[in-house]
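Beneath this line is the structure, given in structure tokens, with notes to follow.
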Amino acid sequence: MAGISSDEPGDVPSAGTESPNSNERNRIHVSELMGDEREVFLLFNGAEYRLRVTNNNKLILTK
């Protein structure tokens, strides 16, 4: 997936080392992440999180 590396803690840049374009580079459209699905599962530091779009078109992230 574009813009996403691994979920390893060592892959996160330190504060203050970001380029001026870092805000654009770190943005991911939800449609790119979820496609046509209303729910996806994300892995972070060994834990699984559920990201879903509600009937009111809101995002909810739960562990």
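A few comments on the model shown:
- Near pairs, Cβ below 8 angstrom, 6+ apart or cross-chain, from the range 47-63 (in contact (Cβ under 8 Å) with a residue 24 or more places away in the chain and open to solvent by 80 Å² or more (accessible area, probe 1.4 Å)) to any residue that is not in a loop (DSSP other than H, G, I, E, B) and not aromatic (F, W, Y): L59/V30; L59/L51; L59/R52; L59/V53
- Test: residue in the range 1-8 that is open to solvent by 90 Å² or more (accessible area, probe 1.4 Å), at pLDDT 95 or above and assigned to a loop (DSSP other than H, G, I, E, B): no
The values are calculated or read from the model by the stated rules, or taken from the named source; none is laboratory data. Owing to the predicted nature of the structure, the values given are computational and were not obtained by experimental measurement. Note: ideal-geometry Cβ built from the backbone for every residue, glycine included; neighbour counts use all protein chains shown. Heads up: the accessible areas ignore ligands, DNA and RNA and are worked out on the full protein's heavy atoms, side chains in. Shrake-Rupley method; radii C 1.70, N 1.55, O 1.52, S 1.80 Å.
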